[in-house]
Amino acid sequence: MASHFVSLRRGIEGSKYSDYTTGTAATTDQFEFRVLDGVTPTRVECLKALEAFERFFENPQQVTGSGFDVKG
């Protein structure tokens with residue numbers, strides 16, 4: 001079964017819809033935080049990315065429009 005994902009590029013704040021990429025992928029994990037090989041993010045960059053994901057999931061219009069089936 002495919003699962004939905006949301007991603008954003010390094011250094012992006014996640015303040016607008018176009019900052020995010022969404023789609024589907026095959027995985028068995030319910031939650032995942034990945035970093036591209038060869039990239040060594042700082043702690044601050046990781047925290048900013050997590051804050052951006054939080055903004056994404058706080059917007060019901062964006063979440064359902066991306067195919068996520070997340071209950072309030």
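Each reported figure results from applying straightforward, stated rules to the coordinates on display, with no laboratory input. The model shown is predicted, which means the values in this text are computed figures rather than measured ones.
Residue by residue, what Karplus-based ³J(HN,Hα) values in Hz, rounded to whole numbers, does the range 55-70 have, using 6.51, -1.76 and 1.60 with θ = phi - 60° and x for Gly and Pro?
Taking θ as phi minus 60°, the curve returns 4, 4, 6, 7, 9, x, 4, 6, 5, 5, x, 9, x, 6, 10, 10 Hz for the range 55-70.
Given springs between every Cα pair under 10 Å in a Gaussian network model of the chain, which of E51, E13, E32 has the largest fluctuation?
Top of the fluctuation ranking is E32.
For log10 I(q)/I(0) by the Debye sum over Cα atoms at q = 0.21, 0.27 Å⁻¹, pick the label among (i) -1.00, -1.41; (ii) -0.84, -1.11; (iii) -0.85, -1.28 that corresponds to the value derived from the coordinates.
Answer label, from the structure shown: (i).
In whole percent, what relative contact order does the chain give with Cα contacts below 8 Å and a gap of six or more residues?
33 percent
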